[in-house]
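Read the structure below first, then the notes.
The values are calculated or read from the model by the stated rules, or taken from the named source; none is laboratory data. Keep in mind that what you see is a predicted model, and the values were worked out from it rather than measured. Backbone-built Cβ (ideal geometry, glycine too); neighbour counts: all protein chains shown. Ligands, DNA and RNA are stripped out before the accessible areas are found, and what is left, the full protein with its side chains, is counted by its heavy atoms. Shrake-Rupley method; radii C 1.70, N 1.55, O 1.52, S 1.80 Å.
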Amino acid sequence: MKFRKIIKGENCSLRIFNSEDEKLTECIYKLFNDKNIIEFLNPDYPLLKNKSIIKKWIKKCCENPVQQWYVIAASGKYIGYVCFKWKSNFHYACEISTAILNEYRGLKLGFESSKILIDYVKSLNYFKYAIAYTLIKNKKASNNLRKIGFRKNLRMLYIIEKEFYDTVDVNPHNISYQLLAYKLF
């Protein structure tokens, strides 16, 4: 599948990750070392690591055949990332993720960049659902996703946990996150 290199929106655009882009490395470094948002990021990412480790991680993201990463650009500055990931043998759903630098939060750029990505993923006609995980206490992220059309989906939680993470005994009452799903077609 061929992916667009730039996806334009009204106030921001998405640009495909480029492992040679030093501005990208700096942006991701800031995100992954921001103590205000670190708890909301995937613990599998190189959080609180140096720039050389971040640069290696970006290179792996660029080379991964089942992940597509975009840096969010607004007014010529890199302000965060959006991505979607899937399993090579499971095209039922993809997982989306968004992170914005602290100084750009509250400007509706997180919402707009997520919406741009969802519209793009929908245009691919490849996945039936897009899903996103949010911490239950991260009300801003949940509200942004709900405005786009995502809804809490317990049935999908069991499916995704099994297919993406090989987890079969999920107890939704003992977890601090929720899965929200959006039907693409």
For this session: Report yes if some residue within the range 15-33 is in a strand (DSSP E or B), surrounded by 13 or more Cβ atoms within 10 Å (Cβ to Cβ) and in contact with a strand residue (DSSP E or B) (Cβ under 9 Å, 6 or more places away or on another chain); otherwise report no.
Result: yes
Seminar exercise, completed: Restricted to the range 34-44 and to residues being touching a residue at least 12 places away in the same chain (Cβ under 8 Å) and in a helix (DSSP H, G or I), the residue surrounded by the most Cβ atoms within 10 Å (Cβ to Cβ) is F40
Seminar exercise, completed: Matching residues in the range 30-71 (over 24 Å from K8 (Cα atoms) and either among the aromatic types (F, W, Y) or in contact with a Phe, Trp or Tyr (Cβ under 9 Å, 6 or more places away or on another chain) (or both)) number 15
For this session: Would you check which residues across the range 45-86 are open to solvent by 70 Å² or more (accessible area, probe 1.4 Å) and within 26 Å of K122 (Cβ to Cβ) and list them?
Result: E63, P65
Exercise. Which members of the range 169-184 meet the condition of being under 20 Å from the mean Cα position of the chain (by Cα), outside any strand (DSSP E or B) and of a type outside the set (A, V, I, L, M)?
Worked result: S176
For this session: Starting from residues that are in contact with a helix residue (DSSP H, G or I) (Cβ under 8 Å, 6 or more places away or on another chain) and under 18 Å from A99 (Cβ atoms), keep the ones in the range 111-128 and report whichever is surrounded by the most Cβ atoms within 10 Å (Cβ to Cβ).
Result: S114
Exercise. What tally of residues in the range 88-107 results from selecting those that are modelled with pLDDT under 95 and either within 11 Å of the chain's Cα centre (by Cα) or of a type in the set (D, E, K, R) (or both)?
Worked result: 2
Problem set entry | Filtered residue count, the range 129-145, keeping only those that are over 19 Å from Y165 (Cα atoms) and either open to solvent by less than 70 Å² (accessible area, probe 1.4 Å) or of a type in the set (D, E, K, R) (or both) | 8
Exercise. Within the bounds of the range 158-178, is there any residue that is open to solvent by less than 30 Å² (accessible area, probe 1.4 Å) and modelled with pLDDT of 95 or more?
Worked result: no
